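The values are calculated or read from the model by the stated rules, or taken from the named source; none is laboratory data. The shown structure was predicted, so the numbers you read here are calculated from the model rather than taken from an experiment. Note: ideal-geometry Cβ built from the backbone for every residue, glycine included; neighbour counts use all protein chains shown.
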Amino acid sequence: MQRVLYILCFLVFTTSFFATAQDATLSRKGRETYEKAQKAWQDRKLPEAITLFQNVLEQEPNSYDVNLRLAQIYELQRNTDLTKKYYSKAIQLRPTSPQSGPAFQWMGKHYFEAERYDSAQVYFQKAFPLFPAKSSLSRLAEKSIASSRFAQEAIKNPLKIEKRSLGDTVNFLGTQYFPVLTADDETLIFTGLTENRDENIYITQRKKGGRATSGRVTLGWEKPQEISASINTTNNEGTCSVSADGRTLVFTACNRQDGYGSCDLYISQKDGKDWSAPVNLGDQVNSREWESQPSLSADGHILYFASDRKGGQGRRDIWVTSLNEKKQWTSPKNLGAIINTTDDENAPFIHANGRTLFYASNGLPGMGGFDIFIAQRVDTVWSAPRNIGYPLNTVSDQVGLFIASDGEKAYYTDDNSDKGKGRSLLYTFAVPATLQEMIVPTRYAKGKIFDKKTGAALASDIDLFDLKTQQKVGAFTSDSKTGTFLAVLNSGGEYAFYVSKNGYLFKSLSFAVSDTASFVNLDIPLEAIEKDRAEVLNNIFFQTGKFDLDDKSKVELDKMADFLNRNKAIKIEISGHTDDVGSDSENLELSKRRAQSVQQYLHKSGIGDERIVAKGYGETKPVAPNDSELSRQKNRRIEWRIL
């Protein structure tokens, strides 16, 4: 893209000059030959133009105009040696002429691509003052200078990367790219190109218990399969993204009958082992232009993608849309000038933590072409993007990087690693410490929701709250056929987990996530709404020896009020319980007052007095021996029971 931009700008910059000017030093015969050469050039008869310009040079070897024109022609023909020869001669003859600016720029680009960044910087610096101020060529030269400086420093301070192929089992095609994984690192999905040039989506599962043999690590992936006959067709299905639980897939498909533009985004949902028929995301998300390269947030509610639609900062930009309360995708918003440039941005990847964005850009200083950058979101503001460095970024284009939810492993495509065979293979590497420091790792809760009495799997709604902030940080559902779920958690956090399903008592859990545990296993039985069925309110908080509700209890009590409002025929008992510390009478009174505090909150929330009974049982109904602090904590509780 940069090469095309450069040539187009050169043509605009030089055509008028060559159309009206001739070197004053040319003889009469030389001018006549020059005019014929110009005519051949304008008629795009390049071989004839070359011969005639060469004839002029035989008579006048120091003709600036002819050397410049020959260099331009050879550049169009991609003849690097001759382009360099004639540009070098031209800038030697007139180093300060404005028309020499593109020559210096080309020379700089030539040395930059050869990774001779110090020489490249010298030529770019000579080109910059020769271009009109604030022109596209001036901006290109300025960025090229910055890239040369960056590349020199990046090579001096390389990241420690030891990439490793995912193996021939995964890399079974000539071309496979854009890998994505579920949060538990167990499922890999990627795009592959068949020998028939059919682009399809493939899926594979990690084998259990891989072992190191003969000094080599068995990476442990099953043989990839086409993801689904309902998704892959005889048309191309391209880059995709999957939610953390592996049950929501968004992918790119082009030129379909139900499409709005050249390429559109489609969504499919997994239920059990089956994927639903893909649905176009609609004209709110897709436009007449190109939409591609999606990246879903962990919960599948926010979608980043690349598009060249109108209203952006440049050509291709990064955009974002989200699901509203009606489960509809909102009108996409451009990520703005901090992330997007006047050039191209693509291949966004939002980490499972929801705040770290990786994407490719050729509009920012870097190693050349497309580099991968990282930016952090704080509230609604994005930080300035940072180049992730060498050798992840090189003089070649780099797009498509996936970082595992724990921030420790990365997966990507390498087009230049198979000894010149023209293959694109999938690789993994350990994320360097300097890069890990910029990524807040996540853990995950994984488990199954089922009917306590029958063991049947249940499709349930799951809300996740951060206990420290009392903010909802996720909304999930369990699989209707298996009851399984996976929810991403920020490490080091304390969470409240609410599970609800019509016809069942809502269930609350609280747990903390340590930095040493990769996940929390939560198999959750639900009680049907029947007489005497009971649940513990696990997120009700009191100060020691007090009965005043802590503010952190509000979310739990609001959930309780919502349940009672949705089940208006139900009457309940709120019961308070304590451990055995203190006198029997004091514990009985404390438990009663705590139950009454919950009752009063629910009354204020609109629940009638006749529907709630508050009782205190003190230390008379322990659920664990009072022989440790952990057991006593279980005994200090608020329960609710169906009457």
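Structure data summary
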| read-out | value |
| --- | --- |
| Among (1) assigned to a helix (DSSP H, G or I); (2) under 21 Å from Asn635 (Cβ atoms), the one test that Leu564 misses | (2) |
| Some residue of segment 146-167 being in the same structural domain as Ala352 (by TED's automatic domain parsing), of a type outside the set (A, V, I, L, M), in contact (Cβ under 8 Å) with a residue 60 or more places away in the chain and surrounded by 20 or more Cβ atoms within 10 Å (Cβ to Cβ) | no |
| Residue tally, condition over 22 Å from Val440 (Cβ atoms), in a strand (DSSP E or B) and touching a residue at least 40 places away in the same chain (Cβ under 8 Å), over segment 333-352 | 1 |
| Any hit, segment 410-429, residues being among the aliphatic types (A, V, I, L, M), touching a strand residue (DSSP E or B) at 6+ places or on another chain (Cβ under 9 Å) and in contact (Cβ under 8 Å) with a residue 40 or more places away in the chain | yes |
| Residues of segment 567-597 that turn out to be in contact (Cβ under 8 Å) with a residue 60 or more places away in the chain and farther than 13 Å from Thr620 by Cβ, as a count | 5 |
| Filter pass, Asp562 being more than 29 Å from Lys448 (Cβ to Cβ) and not assigned by TED's automatic domain parsing to the domain that holds Gln470 | no |
| Residue that is modelled with the highest pLDDT [pool: residues in segment 432-470 that are among the β-branched types (Val, Ile, Thr) and surrounded by 20 or more Cβ atoms within 10 Å (Cβ to Cβ)] | Ile449 |
| Matching residues in segment 98-113 - criterion: being modelled with pLDDT of 95 or more and of a type in the set (S, T, N, Q) | Ser100, Gln105 |
| Pairs, first outside any helix (DSSP H, G or I) in segment 92-107, second among the small types (Gly, Ala, Ser), C-beta under 6 Å, six or more apart | Arg94/Ser100 |
| Count of segment 434-455 residues which are in contact (Cβ under 8 Å) with a residue 24 or more places away in the chain and small (Gly, Ala, Ser) | 2 |
| Looking only at segment 500-537, and only at residues there that are of a type in the set (Lys, Arg) and outside any strand (DSSP E or B), the one that is nearest to Met560 (Cα to Cα) | Lys501 |
| Options Gly311, Gly282, Gly336: the member that is in the same structural domain as Thr413 (by TED's automatic domain parsing), on the phi > 0 side of the Ramachandran plot and within 20 Å of the chain's Cα centre (by Cα) | Gly336 |
| Test for Ser88: is it hydroxyl-bearing (Ser, Thr, Tyr), free of Cβ contacts under 8 Å to residues at least 60 places away in the same chain and surrounded by fewer than 20 Cβ atoms within 10 Å (Cβ to Cβ) | yes |
| Hey, Thr14 among the hydroxyl-bearing types (Ser, Thr, Tyr) and at pLDDT 90 or above or not | no |
| Candidate set from segment 141-193 (those that are outside any strand (DSSP E or B), more than 21 Å from the chain's Cα centre (by Cα) and among the charged types (D, E, K, R)); member that is farthest from Leu426 (Cα to Cα) | Glu142 |
| Selected residue [of a type in the set (D, E, K, R) and within 39 Å of the chain's Cα centre (by Cα)] from Lys559, Lys592 | Lys559 |
| Answer residue from segment 114-137, given it is assigned to a helix (DSSP H, G or I) and at pLDDT below 95 and is surrounded by the fewest Cβ atoms within 10 Å (Cβ to Cβ) among those | Ser136 |
| The listed residue being farther than 24 Å from Leu630 by Cα and of a type in the set (A, V, I, L, M, F, W, C), out of Phe541, Phe547, Phe506 | Phe506 |
| Which listed residue is among the aliphatic types (A, V, I, L, M) and more than 25 Å from Ile642 (Cα to Cα), from Leu489, Leu509, Leu505 | Leu489 |
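Here is a yes/no grid of residues against (1) closer than 22 Å to Ser148 by Cα; (2) surrounded by fewer than 23 Cβ atoms within 10 Å (Cβ to Cβ):
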{"residue": "Trp290", "(1), (2)": "no, yes"}
{"residue": "Pro294", "(1), (2)": "no, no"}
{"residue": "Ala306", "(1), (2)": "no, no"}
{"residue": "Ala337", "(1), (2)": "no, yes"}
{"residue": "Asn340", "(1), (2)": "yes, no"}
{"residue": "Leu364", "(1), (2)": "yes, yes"}
{"residue": "Ile372", "(1), (2)": "yes, no"}
{"residue": "Asn387", "(1), (2)": "yes, yes"}
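Residue-wise test of (1) modelled with pLDDT under 90; (2) hydrophobic (A, V, I, L, M, F, W, C); (3) outside any loop (DSSP other than H, G, I, E, B); (4) in the same structural domain as Gly300 (by TED's automatic domain parsing).
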position	(1), (2), (3), (4)
Tyr411	no, no, yes, yes
Ser417	yes, no, no, yes
Leu426	no, yes, yes, yes
Lys472	yes, no, yes, no
Thr482	no, no, no, no
Leu486	no, yes, yes, no
Tyr498	no, no, yes, no
